[in-house]
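First up is the structure itself, then whatever we jot down about it.
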Amino acid sequence: MDWLINIVYYVVPFVVLLGILVFVHELGHFLVARLCGVRVTEFSIGFGKKLWGRTDKHGTEWRISAIPLGGYCKFLGDEDAASSTDGSASLSEEDKKYAFGLQNPFKKLAIVIAGPGANYLFAILIFASIFFFLGKMDFPSVVGDVIKGGAAEAAGILPGDKILSVNGKTVKTFTEMRQEVDMHVEGDIKIVVERADKILNFAFKLKKIPFEVEANQSKENKPMLGVRSVCQVDVKAEKVTLMQAFVDATRETWRITEVTLRGVGQMITGKRNADEVGGILRIAEMSGDISKKDGFVDFVAFMALLSINLGLINLFPIPLLDGGHVVIYVLEILTRREINEKIKEIIFRIGFMILVALMIFATYNDFAHLFKRWFS
């Protein structure tokens with residue numbers, strides 16, 4: 001019976017989550033392609049064998065496929081991942097007007113950016129809806145409790161201290177404070193607090209202390225500040241106008257993007273351990289844990305976070321990803337000439353190898369993480 005419960009709590013939320021995010025991403029490509037006069041021949045959620053399909057009056061086949069790990073929009077004349085013009089050679093002169101590969105680079109650029117853009121817009125809409133209907137429900141950056149044996153206690157931080165900044169970054173909520181602490185990788189962490197109208201500066205090293213992982217209640221050592229937030233009942237939901245909700249949602253989306261980019265930069269420079277890179281299994285695990293322990297709002301907020309990450313990752317300048325296409329089309333705009341098809345093919349083959357390597361690495365990290373969770 002346990003396996004059935006796990007399917008409900010882990011597989012179903014994961015499939016729903018990924019399906020929605022992929023649909024949003026591909027819908028961005030689809031809508032802008034239609035606006036640019038490009039014909040979309042297939043719109044698929046998932047890969048592999050078709051489970052269901054329907055063709056609309058515009059000739060687009062909408063389909064759900066067997067492997068729910070992604071999706072795609074196929075444009076008229078597309079024969080490969082590079083969206084080369086080779087597949088357009090056999091088209092009639094009339095159809096060539098609607099082929100993606102024969103469009104000008106400005107239209108191509110708009111179409112490929114639309115996918116990540118849709119993910120970002122979706123995240124902003126989610127955050128704005130939460131802020132407008134439920135309010136901004138976050139804890140202030142005030143220390144409610146200092147953990148015994150932690151770094152904060154040794155440094156002299158006290159309950160009631162209001163944390164103003166971490167490593168020079170201003171923080172207004174406990175979530176922002178925690179994220180900035182998580183971004184710290186070496187040396188002394190610099191904390192500025194307000195205590196009884198006085199500004200105090202602290203610099204100290206974080207300590208690894210045991211903490212409970214919510215998902216499985218196991219113990220794990222992690223460098224932490226060693227403080228807890230004030231009691232939840234002291235925090236009231238802050239009601240905002242619709243306009244302010246969208247402004248705050250945009251700021252939150254940008255903040256998550258900036259923190260993510262800083263983390264990636266730290267991995268590239270070797271300051272942060274790359275075992276934090278996760279893949280499909282990690283997403284399934286996290287979505288399942290949230291569906292088990294938390295409510296609908298937490299699940300939707302997690303969806304927004306993943307939507308931002310999906311949009312951002314697709315903008316990385318890696319061939320085969322949208323960002324790789326962006327680089328090519330920008331170069332074509334600047335040089336006013338199309339890049340040779342053979343060169344494109346070589347570039348995208350390299351991109352394919354990079355993506356396969358990243359997927360293998362992420363999957364290895366996922367299995368290592370799951371092994372540690374189950375057997376530690």
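Between 0 and 90 degrees, the angle of helix 341-375 with respect to the longest Cα principal axis of the chain falls at about 40 degrees.
By how many nm would the segment from Asp56 to Thr175 lengthen if fully extended, with 0.36 nm per residue of separation less the alpha-carbon distance? The partial results should precede the final answer.
Details: separation 119, 0.36 × 119 = 42.84 nm, distance 4.57 nm.
So the chain would gain 38.3 nm between Asp56 and Thr175.
Excluding ligands, DNA and RNA, the accessible surface per residue across the chain is 56 Å² with a 1.4 Å probe.
Taken along the Cα-to-beta-carbon direction at a fixed 7 Å, the label points for Asp298 and Val15 span 2.4 nm.
For Val330 and Leu31, what does the FRET efficiency come to when R0 = 22 Å and r is the distance between their Cβ atoms, rounded to the nearest 0.05?
Working: r = 22 Å, r/R0 = 0.99.
Computed FRET efficiency for Val330 and Leu31 comes out at 0.50.
Annotation for Ile67 and Val264: the two label points, set 7 Å from Cα along the Cα-Cβ direction, are 2.4 nm apart. Computed from the C-beta positions of Glu341 and Glu93, the FRET efficiency with R₀ = 30 Å rounds to 0.90. Relative to the longest principal axis of the Cα atoms of the chain, the long axis of helix 105-133 lies at roughly 40 degrees. Helix 12-35 axis versus longest C-alpha principal axis of the chain: approximately 50°, rounded to the nearest ten. Calculate, in nm to one decimal, what Lys162 and Ile199 gain on full extension: separation in residues at 0.36 nm each, minus their alpha carbon distance. Full extension of this stretch gives 12.4 nm more. Shown is the FRET efficiency for Val356 and Leu134, computed with R0 = 41 Å from the Cβ-Cβ distance and rounded to the nearest 0.05: 0.50.
Applying the criteria of a DSSP loop state and at most 10 other Cβ atoms within 10 Å to the trypsin sites (Lys or Arg not before Pro) of region 113-205 yields Lys148. When the pairs Lys148/Lys198; Lys172/Lys207; Lys74/Lys108; Lys57/Lys96; Lys49/Lys108 are compared against a 21 Å limit on Cα-Cα distance, Lys148/Lys198; Lys172/Lys207; Lys49/Lys108 fall above it. In plain terms, the chain is cut at each of the GluC sites (Glu not before Pro) found in a DSSP loop with at most 11 other Cβ atoms within 10 Å, and the longest leftover piece is 215-376.
When all protein chains stay in place and ligands, DNA and RNA are ignored, the 1.4 Å accessible-area order of Ile20, Ile346, Ile130, largest first, is Ile346, Ile20, Ile130.
Simple spin-label estimate for Ala154 and Leu370 gives 3.7 nm between the two label positions (7 Å along the Cα-to-Cβ direction from each Cα).
The values are calculated or read from the model by the stated rules, or taken from the named source; none is laboratory data. All values derive from a computational prediction rather than experimental measurement. Counting neighbours? That spans all protein chains shown, and the Cβs are built from the backbone with ideal geometry, glycine included. For accessibility, only protein heavy atoms count, side chains too; no ligands or nucleic acids. Shrake-Rupley method; radii C 1.70, N 1.55, O 1.52, S 1.80 Å.
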